[in-house]
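The values are calculated or read from the model by the stated rules, or taken from the named source; none is laboratory data. As the structure is a computational prediction, the values presented were derived from the model and not from experiment. When we count neighbours, we look across all protein chains shown, and the Cβ atoms used for this are built from the backbone with ideal geometry, even at glycine.
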Amino acid sequence: MPAFKKNRLFLALTVTVFFAGCAVGPDYARPTSTLPEQHKEATTATAQAVAPVNAEWWTLFNDATLNQLVQQTLAANQDLQAAIARLEASEAAAREAGAELYPAIGLAANGSRNRISGETFSGKNTGSATYNNRRAALSLSYEVDLWGRIRRSNEAARAEALASRFGRDSIQLALIGQLVNEYLILRSNEAQLEVTRQTLESRQESLKIVQARLDAGSASGLELAQAESQLNAAQGQWSQFKRLRALSENQIGLLSGQPGLKLASTSLEQLPLPPTPPTGLPSSLLEARPDVRQAEEKLIAANARIGVAKAAYFPTIGLTGLYGSESAALSNLFTGSAGIWTAAIGLTMPIFDAGRTGARVDQATAAQAENIANYRKTLQTAFREVSDAIVNLQEFANEEAAFAAQVDASKRAFNLAQKRYESGYSGYNDLLDTQRTLNTAQLLYLASRKNRLGASVDLFKALGGGWQPVRQHLLRSNSKNNPIF
């Protein structure tokens, strides 16, 4: 081969390889974060701690029933199943986009019998003729990705697949949190039912005492009416908490995919408060929460689509080829003389499209700006949720302690008032007031206990619940073990 031909071939290959490594459009860079250096509500110890959150944090409640419900929810919840289906679809779309990086090879075989008209231009010389034709050939087509259109499209599809995976993980985390909170509400309703039962017994006993005093002439009809009214109020309260418990049980059945679920009763006070997880630094939320990572992957996809749109400004180069055999007789189809082949290169160059390509670039750029705003808002929301959970956990603890002390004082006051009334040293109104105060204090204590447990759940959720992006490396690499990704 002459030297100038070798140099020309080398130059062509060099230019092709150079452009094949380029991709138009912006490379992704994570937007700067405006989060504070640490949560103002957190203590120095918890803010600086880096211990990971327990990935099965709900087990810290030491409740076997709750653990079983969580596992059932992960297996049977329909929202989660729908998210898994969406994930499978997006991963398939990513594989499809990745396949465009490789040539398409096909096999075609056909046979035909044809007759040429004797009245056409060609038939005037040869007359009419009938002949057979058989063909078997391999075909190849390939788009040379000089400007990175296919690579940017593949980048966007991989990011969308990761966004779907992180979206599935977000739904899973939210479902577990919702289930645990609903379980706490149910146990709180049961505890309130127990308080109401004790109140009913107390007021039934008070009614008997008032009736006996009325029969003895030492009580009035007003006191009897008041005792009956308070008994009826307690009965109404009983029905209210019974209804609320049933509704919570139904909701748990829906979340766990178990319609008609029946749960045995237990005590809310038996549920231990899980240890407070270390909040870490706000910057850790970038990697700890699936919703933040989902928003970022959507931004990565939008960023890549700018390159897809800009690639339309440049020529498209396609390679096609065919290799096979063609013969009139089937017996000669695979002989040496029957061989056929074709090799071609094609180029398509945009000249005028009335601004269509520019409009698509503008759309992609605007979509990128929208996703930047969504990403920053998601990150800010995550920071606020952690801050809210820290405040709630701290203040509900103070509230619970105050109401616990109120319950103790109210019990002492009620016992003293009951003895004084039975001895005739005080009126029924004093006893009635202490009954009401005790009932209210007990219900407030249970509500604050439930709220404190719920704040603990919210903090685990806000910190990501020990989430880990287990398949990120598979979708981010073009390894030999996973050529599509």
Would you confirm, using the coordinates I've provided, whether residue 239 is surrounded by fewer than 21 Cβ atoms within 10 Å (Cβ to Cβ) and either assigned to a helix (DSSP H, G or I) or touching a Leu at 6+ places or on another chain (Cβ under 9 Å) (or both)?
yes
Report, by residue number, each residue of the range 344-372 that is of a type in the set (A, V, I, L, M, F, W, C) and at pLDDT below 95.
344, 345, 347, 349, 351, 352, 354
Single match in 184, 175, 193, 247 (criterion: assigned to a helix (DSSP H, G or I), at pLDDT 90 or above and either under 30 Å from residue 86 (Cα atoms) or charged (D, E, K, R) (or both))
175
Would you check if residue 259 is in contact (Cβ under 8 Å) with a residue 12 or more places away in the chain, not charged (D, E, K, R) and not in a helix (DSSP H, G or I)?
no
Please state which one of 399, 422 is touching a residue at least 12 places away in the same chain (Cβ under 8 Å), part of a helix (DSSP H, G or I) and exposed (fewer than 15 other Cβ atoms within 10 Å of the Cβ).
422
I'd like to check something: does the range 302-316 contain any residue that is in contact (Cβ under 8 Å) with a residue 12 or more places away in the chain and in a strand (DSSP E or B)?
yes
Condition test on residue 79, is it modelled with pLDDT of 65 or more, part of a helix (DSSP H, G or I) and out of contact with any Lys or Arg (no Cβ under 7 Å at 6 or more places or on another chain)?
yes
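This table checks each residue for (1) assigned to a loop (DSSP other than H, G, I, E, B); (2) of a type in the set (S, T, N, Q); (3) touching a Phe, Trp or Tyr at 6+ places or on another chain (Cβ under 8 Å); (4) not assigned by TED's automatic domain parsing to the domain that holds residue 295.
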residue: 331; (1), (2), (3), (4): no, yes, no, yes
residue: 343; (1), (2), (3), (4): no, no, no, yes
residue: 366; (1), (2), (3), (4): no, no, no, no
residue: 374; (1), (2), (3), (4): no, yes, no, no
